[in-house]
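Student: My structure is below; once you've seen it, I'll send some questions.
The values are calculated or read from the model by the stated rules, or taken from the named source; none is laboratory data. Model, not experiment: these values are computed from the prediction. Backbone-built Cβ (ideal geometry, glycine too); neighbour counts: all protein chains shown. For the accessible areas, the whole protein counts, side chains as well, though only heavy atoms, and no ligand, DNA or RNA atoms are used. Shrake-Rupley method; radii C 1.70, N 1.55, O 1.52, S 1.80 Å.
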Amino acid sequence: MPLYVNASWEDVRSLKVRKRKTVFHEVVTDLNNARYRVVVGRRAGKAVKSKPVSVTVWRWIPLRSISSYLSTSGAVFGETNLNGSRYKAWGAASYSHAGVWESRFTPGRRCRAFSGVLGLADSSPEGSSAVIHINADDVPVYDSPALTPGMDVRVQLPLPSPYRIGIEAVDTSPGDIDSFPSIGDPALLCTGVS
């Protein structure tokens with residue numbers, strides 16, 4: 001069965017090499033693979049074409065696109081403000097006072113990095129604090145610094161292609177003060193994930 005149906009080569013880029021026109025062509029076969037070839041024009045005769053080469057495509061996938069297999073009460077996806085900026089986020093719901101929130105995901109050894117903006121939702125009161133932990137196959141890969149209102153910590157972490165990824169947010173506020181830790185625009189760098 002062919003890799004694609006009704007596909008045609010599209011010019012990606014043209015440039016002159018030793019006064020000859022060289023064109024790079026591409027056919028995207030699916031979200032996770034692309035095929036390329038090079039065509040070199042000649043002064044006389046037919047153009048020379050390279051054999052097609054397949055390339056694995058890695059892309060950032062929003063964490064909300066990967067179903068969680070475990071989430072504690074109050075750990076939700078939604079929108080929140082962190083340090084005055086609006087994000088699509090994972091974190092503690094404003095109605096939740098659990099103190100610890102956790103979600104676990106199974107990307108299946110197809111992801112090699114995590115990115116996001118860590119902080120407390122702007123609705124968190126002064127004096128509140130929290131930390132966020134990220135695990136890969138139950139092994140800690142990142143522990144945030146103490147997060148307080150008005151902070152945002154941008155992270156891009158390499159991952160060891162884990163089967164499972166876990167995120168835990170812990171309210172470390174003193175007394176009866178509540179915090180709402182969140183990760184803005186959490187995403188995984190993956191291939192083979194639709």
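Student: Restricting segment 134-145 to residues that are more than 24 Å from THR191 (Cα to Cα) and in contact with a strand residue (DSSP E or B) (Cβ under 6 Å, 6 or more places away or on another chain), which is least open to solvent (accessible area, probe 1.4 Å)?
Tutor: Let us first name the residues in segment 134-145 that are more than 24 Å from THR191 (Cα to Cα), namely 143-145.
If we keep only those that are in contact with a strand residue (DSSP E or B) (Cβ under 6 Å, 6 or more places away or on another chain) too, we end up with 143-144.
Working: ASP143: 91, SER144: 13 Å².
Across segment 134-145, the extreme among qualifying residues is SER144.
Student: Got at least one residue in segment 109-119 being open to solvent by less than 60 Å² (accessible area, probe 1.4 Å), in a loop (DSSP other than H, G, I, E, B) and in the same structural domain as ARG86 (by the TED database)?
Tutor: Within segment 109-119, none of the residues are open to solvent by less than 60 Å² (accessible area, probe 1.4 Å), in a loop (DSSP other than H, G, I, E, B) and in the same structural domain as ARG86 (by the TED database).
Student: In segment 45-52, is there at least one residue being in contact with a Leu (Cβ under 9 Å, 6 or more places away or on another chain), among the charged types (D, E, K, R), exposed (fewer than 15 other Cβ atoms within 10 Å of the Cβ) and modelled with pLDDT of 80 or more? Before you say what the answer is, go through the steps one by one.
Tutor: Our first condition is that a residue be in contact with a Leu (Cβ under 9 Å, 6 or more places away or on another chain); within segment 45-52, this holds for none.
Scanning segment 45-52, I find no residue that is in contact with a Leu (Cβ under 9 Å, 6 or more places away or on another chain), among the charged types (D, E, K, R), exposed (fewer than 15 other Cβ atoms within 10 Å of the Cβ) and modelled with pLDDT of 80 or more, so the answer is no.
Student: Which of (1) closer than 24 Å to SER65 by Cα; (2) out of contact with any helix residue (DSSP H, G or I) (no Cβ under 9 Å at 6 or more places or on another chain); (3) part of a loop (DSSP other than H, G, I, E, B); (4) open to solvent by 30 Å² or more (accessible area, probe 1.4 Å) is the odd one out, the single condition GLU126 does not satisfy?
Tutor: (1)
Student: Of everything in segment 165-194, what is among the hydrophobic types (A, V, I, L, M, F, W, C) and part of a loop (DSSP other than H, G, I, E, B)? Give them in sequence order.
Tutor: Listed by number, the residues that qualify are ILE177, PHE180, VAL193.
Student: A further question follows. Within segment 154-181, how many residues are open to solvent by less than 30 Å² (accessible area, probe 1.4 Å) and touching a Ser or Thr at 6+ places or on another chain (Cβ under 6 Å)?
Tutor: 4
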